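The values are calculated or read from the model by the stated rules, or taken from the named source; none is laboratory data. Note that the structure is a prediction, hence the values are computed from the model and not measured. Neighbour counts are summed over all protein chains in view; Cβ atoms, including those assigned to glycine, are modelled from backbone coordinates with ideal geometry. Heavy atoms of the whole protein, side chains included, go into the accessibility calculation; ligands, DNA and RNA do not. Shrake-Rupley method; radii C 1.70, N 1.55, O 1.52, S 1.80 Å.
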Amino acid sequence: MPDDLGQFLTAGPRVGLRPFSPDDAEEFTARASESRELHRPWLFPPCTPEAYAAYAGVLNEDPARAGFLVCEHDEGADGGRIAGFLNINNIVRGAFRSGALGYGAFAHAAGRGLLTEALGLLLPYAFGPLELHRLEANIQPGNTASRALVRRAGFRLEGFSPAMLFIDGAWRDHERWAVTAPA
């Protein structure tokens, strides 16, 4: 990990995690638009500046959510290209201390291991500064890339939930994957 994290909350050899910013709207929406074929039918990130502003605003302001851009390192002071995003939604405190993980890679970054590295950075942050005990990822059974990502990160398959989430006009089945903080 670099000694000087700069703008990143946490960083690894190739990527760093940082909060969403209003200044990221143009790049994020361009990358989301370029990645539609990759994301469908699993994911629908915002593709307009207005939708991005609403999305980022909720992630930055709602205490039950935390959002992170996955950015490639570069030599510039502003960090590198946005490679994807990781979100923790539905954060519950108290005895549960849990959240639901959401994520996506953009097409130019897909298949390069950048989200794997980013998720490896997120887990210690979630179980450390965010003080969570459990992260859950709900994945549609046919999404093999997503299942492989969480498996590499140490998530375990815990069950199957029929008609769990309303996505793209229909109730979709999901597998429940989870990981808990190290003892």
- Query: Can you tell me how many residues in region 76-112 are surrounded by 14 or more Cβ atoms within 10 Å (Cβ to Cβ), farther than 23 Å from TYR52 by Cα and at pLDDT below 95?
  - Reply: 1
- Identify all residues within region 141-166 that are open to solvent by 30 Å² or more (accessible area, probe 1.4 Å), more than 16 Å from the chain's Cα centre (by Cα) and not hydroxyl-bearing (Ser, Thr, Tyr); write none if there are none. PRO141, GLY142, ARG156, LEU157, GLU158, PHE160, PRO162, ALA163, MET164, LEU165, PHE166
- Query: Within the bounds of region 106-117, is there any residue that is in a strand (DSSP E or B) and among the acidic types (Asp, Glu)?
  - Reply: no
- Query: Hey, does region 48-67 have a residue that's in contact with a helix residue (DSSP H, G or I) (Cβ under 6 Å, 6 or more places away or on another chain) and in contact (Cβ under 8 Å) with a residue 60 or more places away in the chain?
  - Reply: no
- For region 151-177, pairs from a residue that is more than 17 Å from GLY102 (Cα to Cα) and assigned to a strand (DSSP E or B) to a residue that is of a type outside the set (Gly, Ala, Ser) and open to solvent by 100 Å² or more (accessible area, probe 1.4 Å), with Cβ under 9 Å and 6 or more apart or across chains, are PRO162/TRP171; ALA163/TRP171
- Query: Residues of region 1-60 being outside any loop (DSSP other than H, G, I, E, B), surrounded by fewer than 15 Cβ atoms within 10 Å (Cβ to Cβ) and of a type in the set (Lys, Arg), which ones?
  - Reply: ARG36
